[in-house]
Structures are given as structure tokens and as C-alpha cells.
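*Asks:* Structure below; questions to follow.
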Amino acid sequence: MELKIGYLTVEQPAPPTLSNLDPEPEDIGLAGALTGLQDNLTTGKFLGQNYVLESAVVPEDGDALDAARSMLSYAPYLVIDAAPDVLVQIADLPEAEGAILFNAAAGDLSLRSADCRANLLHSLPSDAMRTDALAQFFVSKRWDNLVMVTGQHPVDQAYAEAMRHSLTKFGLDLEAEKAWGFEADMRRNATQEVPLFTQEFGDYDALVVADEVHDFGRYVLYNTWQARPVVGSEGLSAVTWSPVIEQWGAAQLQSRFQEQNGREMLAQDYAGWAAVRTLGEALTRTNSTDPATLRDYILSDQFELAGFKGRPLTYRDWNGQLRQPIAIAHPRALVATAPLEGFLHHSNELDSLGLDRPESKCEAFK
């Protein structure tokens, strides 16, 4: 029995940033999917199951829909790295009807709500899941005097909007907010510009930075007028995955990935791994390669994925989002894991992170 999987990358323009210290790996996401493939093959060889993964890259000026059609003719299971609007267009293709697509790169909230599609599952957490995790941490620390600096890129704006919603959800407010508008080279001017920029915030408990392209946030740390924690996109962050996660067998996954790819596993790599492992787990349990059979099982109460995060991962049957704990960490250590103790939910504590069933406007899964 063989399961074919496609991995489709639709390249997007990279926004200009002040620093090139952290270049994005060319194989980000795909490397995680290939590690998941190896994990599937390790289990499959004992069960007479084989897995094959083919990948394709669409350049910025390429035809993403044509590439998706071609890949769907190869396999009805696709893991996709693309912008939210492209994901929706691919999901709406006639060739994608009955397929199972995984969003492994876009945290956009609308994809889990009004723009959801029944054939599109999400192995990457939404922005709201990450900001909810931080909001829980703020509550636990009694940091209720918060200010925020927001970047100009669309992903920065989306993160900031998710943060505002999370703070409201958990009974917090932003005391002040400023837009980052500097075009000067902060590598030389941060010690002069950032203190002046943050001085008018006055006193506060923590400064939230919405800088998802990692443009200016690194220069805010330790340069603020008040010596206060920096959180959000920089400093203390809520992340899908991080090299500092070592508990619950995570160190073994980190080692396997490092050995296979020669670098650390990043959040998008984990999302690719989780998508491929979801298919492997579903095939193992159902002994079927039929997309409808696998989808029903993945969205059922019987499905569980061992994700090295301390508890089983499952999918929300109302919008296709993979439930998962969110790490709250800085680059050197894990600080906490959300949902934090005391944040209860009537059915599943993981649903305290991100859109809960009553909040989601997704109709496609009904």
C-alpha cells in the first residue's frame, strides 16, 4: 500500500529588512515534511506501507494554480506553503474537490474562519493561537499595563490585530500603541532613536512588538526608555516550535531533524512534519488511502498525533485547525507552555488558544 504526498511551495516576495543575520532556509517547511516522511517510512516498513513525497516550487511570477493542478494529478494529498489568497484559490480548484490540503505556512485568521475550506486543514497554528498564549502569560504574571509597537508589513498588521483580540479576550487592554515608521539604519541608530521613540509610553509592564518579518524588533530590545520586558515577535515569544523545546521526547525529533538537514528545526518545518505525520497516522489506523476515509478519521475523536508537545494533538472539526500547545520561549530557554494552568475550557483546554467553536465563522465543515 502506497500513499503519495505533494509539497508545493509558492514563492512570495521577501520584504526588505534591516538585517540579514537570519536568512530563511531555502528548504524551510519541506525539510520538516521530509523528516515526517522518514518517520512514516520507519513505521510503514513493518506494516507493508510505503510513502512517497514529490515537491515543486512556483516562482513569484509563476502559475500557482497550474502547478497545483499538476500536483493534484499526482496525489490528492498536498502540503502547501503559500499566501492565504493563493491557498483559497487552490482549495477552490475543481481538481482539489475531495483532496486533503494542509496549510503549513499561513497563520492568517480568516483561513480558519470566514474563508475556511472543507478540504483545507491547518498544521500551522493561527496567529491567534500564539497571541492567546502570550495573553495567558500576561494574565498569569499580572502584566496588565501593556503597550505595543507595530510594523508596516501586512503580517505585522495581522499579528497586531490578533494581539488586540487576544488581550480583549483575556480581559486586558493596550494602554498605548505606536507604528514603527523608521527607515534609518537601526544597526547604527538604535541606541539614540529607540529610547526617544518609547519614552512617551511612560511606565508599563511589557512592550509588545508586532514585527513578524523580524525587521526592527531586535533593535528594540535593551534600548527602550524604560527597562521592561519586550515580548511578541521578539524577546519572549509564543512559537510553534523552537530548538529550546527538549521535553516529551522533543529532543529526539530535534536530533533527527538536525542529522537529516544540518540545521535547527523551525516552526514551519514542524508544521510540514505534522502534516505528513498526520497522513501517516491516519493511514496506519485506517489501512486506507482513500481521501474521504482519511479525512473522516483525521477529524474524528479517535485521531491523535504524538507531537512531542506534552499532550496528543487533534484537529478541530469545525475549521480544520490542528490543536497544539504553544511554547512561550526566548532564544535560549523555554519559559512556559500554553495553555497555562488555570485557563480552563468546557471540553478541551487547547481550545482556549485561537478561535473556539462559537468564535469561528467557518461554515464549510458543517
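*Asks:* How many residues does region 179-196 contain that are open to solvent by 40 Å² or more (accessible area, probe 1.4 Å) and either modelled with pLDDT of 90 or more or over 17 Å from residue 149 (Cβ atoms) (or both)?
*Replies:* Looking only at region 179-196, we keep the residues that are open to solvent by 40 Å² or more (accessible area, probe 1.4 Å), and these are 179, 181-183, 187-189, 191-193, 196.
Narrowing further to those that are either modelled with pLDDT of 90 or more or over 17 Å from residue 149 (Cβ atoms) (or both): 179, 187-188.
Of the residues in region 179-196, 3 are open to solvent by 40 Å² or more (accessible area, probe 1.4 Å) and either modelled with pLDDT of 90 or more or over 17 Å from residue 149 (Cβ atoms) (or both).
*Asks:* Applying the selection to region 55-71, what residues are in contact (Cβ under 8 Å) with a residue 24 or more places away in the chain, charged (D, E, K, R) and either farther than 17 Å from residue 96 by Cα or out of contact with any Leu (no Cβ under 7 Å at 6 or more places or on another chain) (or both)?
*Replies:* 60 - this is the single residue of region 55-71 that is in contact (Cβ under 8 Å) with a residue 24 or more places away in the chain, charged (D, E, K, R) and either farther than 17 Å from residue 96 by Cα or out of contact with any Leu (no Cβ under 7 Å at 6 or more places or on another chain) (or both).
*Asks:* When the residues of region 292-327 are narrowed to those that are more than 20 Å from residue 3 (Cα to Cα) and acidic (Asp, Glu), which ends up surrounded by the fewest Cβ atoms within 10 Å (Cβ to Cβ)?
*Replies:* 301
*Asks:* Residues that are among the aliphatic types (A, V, I, L, M) and either surrounded by fewer than 24 Cβ atoms within 10 Å (Cβ to Cβ) or in contact with an Asp or Glu (Cβ under 9 Å, 6 or more places away or on another chain) (or both), at least 3 per element: which strands (runs of 3 or more DSSP E) completely within region 29-112 meet that?
*Replies:* Details: elements: 50-58, 77-81, 100-103.
The qualifying strands (runs of 3 or more DSSP E) are 50-58.
*Asks:* Give region 210-261 a look and list any residue that's outside any helix (DSSP H, G or I) and of a type in the set (Val, Ile, Thr), or say none.
*Replies:* Matches in region 210-261: 213, 224, 230, 231, 239, 240, 244, 245.
*Asks:* Between 239, 208, 231, 220, which is in contact with a strand residue (DSSP E or B) (Cβ under 9 Å, 6 or more places away or on another chain), open to solvent by 20 Å² or more (accessible area, probe 1.4 Å) and β-branched (Val, Ile, Thr)?
*Replies:* Within the list 239, 208, 231, 220, the selection yields 239.
*Asks:* Give just the number: which of (1) aromatic (Phe, Trp, Tyr); (2) part of a loop (DSSP other than H, G, I, E, B); (3) in contact (Cβ under 8 Å) with a residue 60 or more places away in the chain does residue 273 not satisfy?
*Replies:* (2)
Residues checked against (1) touching a residue at least 60 places away in the same chain (Cβ under 8 Å); (2) part of a helix (DSSP H, G or I):
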residue: 269; (1), (2): yes, yes
residue: 281; (1), (2): no, yes
residue: 289; (1), (2): yes, no
residue: 300; (1), (2): no, no
residue: 308; (1), (2): yes, no
residue: 318; (1), (2): no, no
residue: 345; (1), (2): no, no
residue: 350; (1), (2): no, yes
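The values are calculated or read from the model by the stated rules, or taken from the named source; none is laboratory data. Note that the structure is predicted; figures quoted are calculated from it, not measured. For neighbour counting, all protein chains shown are included, and Cβ atoms are generated from backbone atoms with ideal geometry for every residue, glycine included. Just so you know, the surface numbers come from the protein's heavy atoms only, side chains and all, with ligands and any DNA or RNA stripped out. Shrake-Rupley method; radii C 1.70, N 1.55, O 1.52, S 1.80 Å.
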